[in-house]
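Read the structure below first, then the notes.
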Amino acid sequence: MGKLKAVVVVTMISTVLLSILWRATLHLEDNESFVRCLLDHSHPSHPISSAIYTPKSSSFSSVLESYIRNLRFNESSTPKPFLILTALHESHIQAAVTCGKSHGVQLKIRSGGHDYEGLSYVSTLPFFLLDMFNLRSIDVDIETETAWVQTGATLGEVFYRIAEKSKTHGFPAGVCPTVGVGGHISGAGYGNMMRKYGVSADNVLDALIIDANGRLLDRQSMGEDLFWAIRGGGGASFAVVLAYKIKLVRVPETVTVFQVDRTLEEDATDIVDQWQHVAYNLPQELFIRLMLDVVVKRSGEKTLRASFVSLFLGDSESLLSIMKERFPKLGLSKSDCIETSWVKSVLFWSNIPLETDIQVLLDRTPQTLDYLKRKSDYVREPIPKAGLESLWKKMMELEKPRMYFNPYGGKMAEIAAEEIPFPHRAGNLWKIQYLANWNEAGIEAANRYIDLTRRLHEFMTPFVSKNPRQAFLNYRDADLGSSSHGKASYSEARLNGMKWFMGNFDRLVQIKTEVDPTNFFSYEQSIPLLPHQVHLDDDM
């Protein structure tokens, strides 16, 4: 006979917790009780008082707004936290978990603030914000080709610290330097080396977390199930991730980048069609993103522009040889190619002049801030030419939304779909990101641009994955289901979760139920608990 374990889950927990949250409002108007709790649970060696900001604090607004990256969520009408905790030590996170649970209030966790829907720092329920930006130490060990990175660090800081110690190491992560490590890796993360090395979470070796019981755990003490879940399953559903141990990857001293633009009048349709058939099947060292947008010609007429931006882990001569054989329609020339270092290629992809000192990667503030909306899709078959031509027509009609096509294949097709929670592997040719940015404040403008983005997404329905229509977790999209703060019915949550996690969703739910049975770590799109009253784990 095996050991029988019963994990009791009260089926009415969602209703009870929601009631507690609303009642808590009455007791937190002056925040004194909650602040007292934090102070009482602060270690004398690491005082917490300087990390606490309430609306009475003179710098409350500046601290809150400093990491808001989508201006849609920086309006006077945007719900605000009743308290911000800018943790300076792991004990501050432990206090946050302990007091959040005892007071029945929602915890939001923010690293870089690039959450497209503001889910890491906005809620309609009483909530407090745990901001990780002070916890951003980076310890690079070239000898072991690893680094411990706290989750408040930005990708730019990680790239810079690696480059400080080596010209031949890097890390496969996003191309926006101001993105926070915490959300990026916990939602899988990807960048222009994914065809060679997989997503960011594929290159994580260990982690430090604070769990729902306030315990500091590493990979060994948290167990392999929870370690699996926080690498692509969305860490905020399970724990507060304090740090990741990442595996550095080898890069050549010289890499090559290019960006080539072609309009419809310059045979963009034929070039895009060839890109569809070769981009996912090129050597793993070559990544070519396709960007589509509408531009106005000198004549005043609109046309479709296809931009091809690339990173090649090698020299320009090798690249030109590959392109001539495999992607000749683009007509890449020697003058299009720029040879540089890997860390400088990050500047190129961020539209920062290459002559800029790489210390710019330490700047935690984006070059520009906009109002924005994002959506995503996966494509499993090339779009017929007739489909492309209809897409050009639709894009010129809508005008504002853009599309980025990010090719898969290579290493992405070799890693099993269940290796980590991120399931989008073999069979996917590329991922689409739909983008709309605007500079007009107000709900009317937001509704207009969001509607345009939704219409483009809807138009693409015949050409993308089906049953379910897959989506990328890190491209946060409230349209895919913004339940009642993680407390939707299990069937509703599963319908949404399958889009992000496919067959990995059920395992995530089982892990969530075991490690956080009271659903403390919950938000609008979090992993739900099992619906059953009793979950049996029998190893007979």
Inset, instruction - Among the candidates 273, 293, single out the residue that is of a type in the set (Asp, Glu), in a helix (DSSP H, G or I), crowded, with 16+ Cβ neighbours inside 10 Å and at pLDDT 95 or above. - result: 273
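Conditions (1) part of a loop (DSSP other than H, G, I, E, B); (2) modelled with pLDDT of 95 or more; (3) charged (D, E, K, R), marked per residue:
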position	(1), (2), (3)
226	no, yes, no
231	yes, yes, yes
245	no, yes, yes
253	yes, yes, yes
262	no, yes, yes
265	no, yes, yes
269	no, yes, no
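So, residue 484, is that one assigned to a loop (DSSP other than H, G, I, E, B), modelled with pLDDT of 95 or more and not aliphatic (A, V, I, L, M) or not? Working first, answer last.
Numbers: assigned to a loop (DSSP other than H, G, I, E, B): yes; modelled with pLDDT of 95 or more: no; not aliphatic (A, V, I, L, M): yes.
Criteria not met by residue 484.
Regarding residue 352, is this residue more than 30 Å from residue 459 (Cβ to Cβ) and without any contact (Cβ under 8 Å) to a residue 24 or more places away in the chain? Show your work before the answer.
Details: more than 30 Å from residue 459 (Cβ to Cβ): yes; without any contact (Cβ under 8 Å) to a residue 24 or more places away in the chain: yes.
When the stated conditions are applied, residue 352 passes them.
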Legend entry - Single residue of 115, 131 found to be under 20 Å from residue 478 (Cα atoms), modelled with pLDDT of 95 or more and crowded, with 24+ Cβ neighbours inside 10 Å: 115
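Are any of the residues in region 181-202 open to solvent by less than 10 Å² (accessible area, probe 1.4 Å), in a strand (DSSP E or B) and either in the same structural domain as residue 241 (by the TED database) or touching a Cys at 6+ places or on another chain (Cβ under 6 Å) (or both)? Before you say what the answer is, go through the steps one by one.
Of all residues in region 181-202, those open to solvent by less than 10 Å² (accessible area, probe 1.4 Å) come to 181, 185, 187-189, 191, 193-195, 198-201.
Now restrict to residues that are in a strand (DSSP E or B): none.
Within region 181-202 (the criterion being open to solvent by less than 10 Å² (accessible area, probe 1.4 Å), in a strand (DSSP E or B) and either in the same structural domain as residue 241 (by the TED database) or touching a Cys at 6+ places or on another chain (Cβ under 6 Å) (or both)), the answer is no, since none of the residues qualifies.
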Inset, instruction - Could you grab me the full set of residues in region 364-397 that are open to solvent by 10 Å² or more (accessible area, probe 1.4 Å) and farther than 28 Å from residue 281 by Cβ? - result: 364, 365, 366, 367, 368, 369, 370, 371, 372, 393, 396, 397
Legend entry - helices (runs of 4 or more DSSP H) contained entirely in region 32-118, each with at least 1 residues that are within 30 Å of residue 376 (Cα to Cα): 60-65
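Of the residues 190, 197, 160, 116, only one is touching a residue at least 24 places away in the same chain (Cβ under 8 Å) and touching an Asp or Glu at 6+ places or on another chain (Cβ under 8 Å); which? It would help to see each step written out before you state the result.
On the way: 190 fails: touching an Asp or Glu at 6+ places or on another chain (Cβ under 8 Å); 197 fails: touching an Asp or Glu at 6+ places or on another chain (Cβ under 8 Å); 160 fails: touching an Asp or Glu at 6+ places or on another chain (Cβ under 8 Å).
116 is the lone residue from the list that is touching a residue at least 24 places away in the same chain (Cβ under 8 Å) and touching an Asp or Glu at 6+ places or on another chain (Cβ under 8 Å).
Give me the residue from region 134-159 that is assigned to a strand (DSSP E or B) and not aliphatic (A, V, I, L, M) and, out of that set, least open to solvent (accessible area, probe 1.4 Å). Spell out the reasoning first.
Restricting attention to region 134-159, the residues satisfying the condition of being assigned to a strand (DSSP E or B) are 138-141, 146-150, 154.
Checking which are not aliphatic (A, V, I, L, M) leaves us with 139, 141, 146, 148, 150, 154.
Values: 139: 97, 141: 64, 146: 18, 148: 77, 150: 39, 154: 1 Å².
Only one residue fits best here, namely 154.
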Legend entry - Extreme residue, farthest from residue 501 (Cα to Cα), among residues of region 402-418 that are under 19 Å from the mean Cα position of the chain (by Cα) and open to solvent by less than 30 Å² (accessible area, probe 1.4 Å): 403
Inset, instruction - Could you list, in sequence order, all residues of region 344-389 that are assigned by the TED database to the domain that holds residue 259 and in a helix (DSSP H, G or I)? - result: 385, 386, 387, 388, 389
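Kindly indicate whether any position in region 394-412 is outside any helix (DSSP H, G or I), among the hydroxyl-bearing types (Ser, Thr, Tyr) and outside the structural domain of residue 227 (by the TED database). Talk me through it step by step, then tell me what you get.
The first filter runs over region 394-412 and keeps only residues outside any helix (DSSP H, G or I), leaving 399-409.
Next, from what is left, pick out any that are among the hydroxyl-bearing types (Ser, Thr, Tyr): 404, 408.
Keeping just the survivors that are outside the structural domain of residue 227 (by the TED database) gives 404, 408.
Yes: one or more hits.
The values are calculated or read from the model by the stated rules, or taken from the named source; none is laboratory data. Since this is a predicted model, take the numbers as computed values, not measurements. As a convention, Cβ positions derive from the backbone with ideal geometry for all residues, glycine included, and neighbour counts pool all protein chains shown. Please note that ligands, DNA and RNA were not included when accessible areas were found on the heavy atoms of the full protein model with its side chains. Shrake-Rupley method; radii C 1.70, N 1.55, O 1.52, S 1.80 Å.
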